[in-house]
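**Q** Handing you a structure now.
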Amino acid sequence: GSGLDSVAKGAGKKYFGTASDTNEFSDTAYMAILNQAGMFGALTPLNSMKWDSTEPSRGSFSFTNADQVVARAKQNGQIMRGHNCVWYNQLPSWVSSSGFNSTTLTSVIQTHCSTLVGHYKGEIYAWDVINEPFNDDGTWRSDVFYNTLGTNYVQIGLQSAKGADGNAKLYINEYNIEMTGAKATSMINLVKSLKSAGVPIDGVGFQCHFIVGEVPTSMSSVMSQITAMGLEVAITELDIRMTLPSTQALLNQQQTDYENVIKQCMAVAGCVGISIWDFTDKYSWVPQTFSGQGAALPWDQNLAKKPAYNGIVAGF
Ligand code: XIL
């Protein structure tokens with residue numbers, strides 16, 4: 001086959017995947033690409049497994065949308081990345097603003113992680129159990145979890161996930177750890193301390209929300225320091241945005257940038273796979289989040305392949 005997942009597997013990787021979600025499943029032209037044999041070997045739900053979707057009020061779980069993503073992956077023979085269990089964002093206010101004490105918040109995290117991960121036991125390759133724990137300067141993010149439990153919330157989440165699905169790979173997922181520096185160092189030190197405390201941790205996710213012309217060159221060095229501790233790593237949310245409007249020069253630079261990102265994963269044996277954060281500019285999160293920017297993905301608004309597609313292929 002010639003799709004991105006076929007090329008990735010041919011190069012020895014486990015998968016090339018994409019994020020998607022049910023609100024896009026009614027777009028038949030989009031689905032033809034999502035379902036195409038050999039194109040994507042893994043799916044991550046963009047939103048439907050997050051706390052506000054899965055436990056909008058305490059103890060009341062809803063898996064309707066997430067179940068549809070998992071069913072689609074199964075039909076397509078794709079593996080699943082679960083995203084995510086514990087994150088400060090898209091977190092309902094009953095968690096963030098109830099003033100729970102440490103005992104209650106511990107139980108809230110345990111119930112959420114074990115119910116969510118347990119619902120999909122045996123169906124998820126890897127879970128982003130903890131998402132975005134650090135500030136960009138490498139200090140801990142001041143969210144309800146850290147402020148109530150200190151760093152302990154990380155092991156509470158990981159141990160709950162482990163108890164619910166002993167075979168899923170348990171990840172911490174983060175951005176701006178793709179270059180050497182304070183934030184990457186904090187992640188490396190966190191992994192070190194979890195390992196020495198015997199806390200289950202299998203992988204670190206590098207989100208890779210990049211900017212055209214500014215792709216870091218030290219990512220493989222950070223990745224290698226983590227795989228040296230016995231973990232795997234993955235690129236989990238890759239996109240490379242530009243200031244709009246796109247020009248041929250920017251699209252060509254983006255092709256080179258995608259190729260260079262893939263090459264850095266190729267340079268690290270323990271970099272198991274790469275996922276893009278959706279595959280078409282039609283549904284990218286970038287324009288709504290970074291004003292004036294977009295065109296970050298390898299398929300354009302009209303679902304036509306961009307030069308970036310060839311960059312990905314060349315990177316393998
Ligand atoms: C984004 C989704 O793509 C958007 O639809 C949503 O409005 C906000 O979240 N890091 C993450 C992802 O870990 O969950 C985020 O996804 C993008 C940044």
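**Q** Quick one: which residue in Ser57, Ser20, Ser26 is exposed (fewer than 15 other Cβ atoms within 10 Å of the Cβ) and touching a Pro at 6+ places or on another chain (Cβ under 8 Å)? Give the derivation first.
**A** Details: Ser20 fails: exposed (fewer than 15 other Cβ atoms within 10 Å of the Cβ); Ser26 fails: touching a Pro at 6+ places or on another chain (Cβ under 8 Å).
The conditions single out Ser57.
**Q** Given the condition under 28 Å from Val261 (Cβ atoms), within 16 Å of the ligand (Cβ to nearest atom), touching an Asp or Glu at 6+ places or on another chain (Cβ under 7 Å) and aliphatic (A, V, I, L, M), answer yes or no: does some residue in the stretch 128-149 qualify?
**A** no
**Q** Identify, by number, the condition in (1) in contact (Cβ under 8 Å) with a residue 40 or more places away in the chain; (2) over 17 Å from Pro298 (Cβ atoms); (3) among the polar types (S, T, N, Q) that Gln254 doesn't meet.
**A** (2)
This table checks each residue for (1) of a type outside the set (D, E, K, R); (2) out of contact with any Gly (no Cβ under 8 Å at 6 or more places or on another chain).
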{"residue": "Met31", "(1), (2)": "yes, yes"}
{"residue": "Ala37", "(1), (2)": "yes, no"}
{"residue": "Leu46", "(1), (2)": "yes, yes"}
{"residue": "Trp87", "(1), (2)": "yes, yes"}
{"residue": "Pro92", "(1), (2)": "yes, yes"}
{"residue": "Val108", "(1), (2)": "yes, yes"}
{"residue": "Ile124", "(1), (2)": "yes, no"}
{"residue": "Asp128", "(1), (2)": "no, no"}
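**Q** If Ser20 passes every condition in (1) among the hydroxyl-bearing types (Ser, Thr, Tyr); (2) away from the ligand (no atom under 16 Å from the Cβ); (3) within 15 Å of the chain's Cα centre (by Cα) but one, which one does it miss?
**A** (2)
**Q** Report whether or not Thr139 is in contact (Cβ under 8 Å) with a residue 40 or more places away in the chain and touching a Ser or Thr at 6+ places or on another chain (Cβ under 7 Å).
**A** Numbers: in contact (Cβ under 8 Å) with a residue 40 or more places away in the chain: yes; touching a Ser or Thr at 6+ places or on another chain (Cβ under 7 Å): no.
Here the answer is no, as Thr139 does not meet what is asked.
**Q** Then there's this: Tell me yes or no: at least one residue of the stretch 120-134 is surrounded by fewer than 16 Cβ atoms within 10 Å (Cβ to Cβ) and touching a helix residue (DSSP H, G or I) at 6+ places or on another chain (Cβ under 6 Å). Don't jump to the end; show me each part of the working.
**A** Step one: of the stretch 120-134, the residues surrounded by fewer than 16 Cβ atoms within 10 Å (Cβ to Cβ) are 121-122.
Subsequent filtering for residues that are touching a helix residue (DSSP H, G or I) at 6+ places or on another chain (Cβ under 6 Å) retains none.
No: the stretch 120-134 contains no residue that is surrounded by fewer than 16 Cβ atoms within 10 Å (Cβ to Cβ) and touching a helix residue (DSSP H, G or I) at 6+ places or on another chain (Cβ under 6 Å).
**Q** Ok, one more. Name every residue in the stretch 60-90 that is in a loop (DSSP other than H, G, I, E, B), under 18 Å from the mean Cα position of the chain (by Cα) and away from the ligand (no atom under 16 Å from the Cβ), in order of residue number. Reasoning before the result, please.
**A** Initial filter on the stretch 60-90 (in a loop (DSSP other than H, G, I, E, B)): 61-63, 77-78, 87-90.
Then keep just the ones that are under 18 Å from the mean Cα position of the chain (by Cα); that gives 78, 87-90.
Gln78, the sole residue that qualifies.
**Q** In the stretch 200-232, what residues are within 16 Å of the ligand (Cβ to nearest atom), crowded, with 17+ Cβ neighbours inside 10 Å and on the phi < 0 side of the Ramachandran plot?
**A** Of the stretch 200-232, the ones within 16 Å of the ligand (Cβ to nearest atom) are 203-211.
Checking which are crowded, with 17+ Cβ neighbours inside 10 Å leaves us with 203-210.
Hits for the stretch 200-232 are Gly203, Val204, Gly205, Phe206, Gln207, His209, Phe210.
**Q** Go through the stretch 246-292 and give me each residue that's within 20 Å of Gly213 (Cβ to Cβ) and of a type in the set (D, E, K, R).
**A** Asp257, Glu259, Lys263, Asp281
Every number in this text was worked out from the coordinates using simple rules, so none of it is lab data. All figures in this text were calculated on a predicted structure; none of them were measured in a lab. Neighbour counts run over all protein chains shown; Cβ positions are idealised from the backbone, glycine included.
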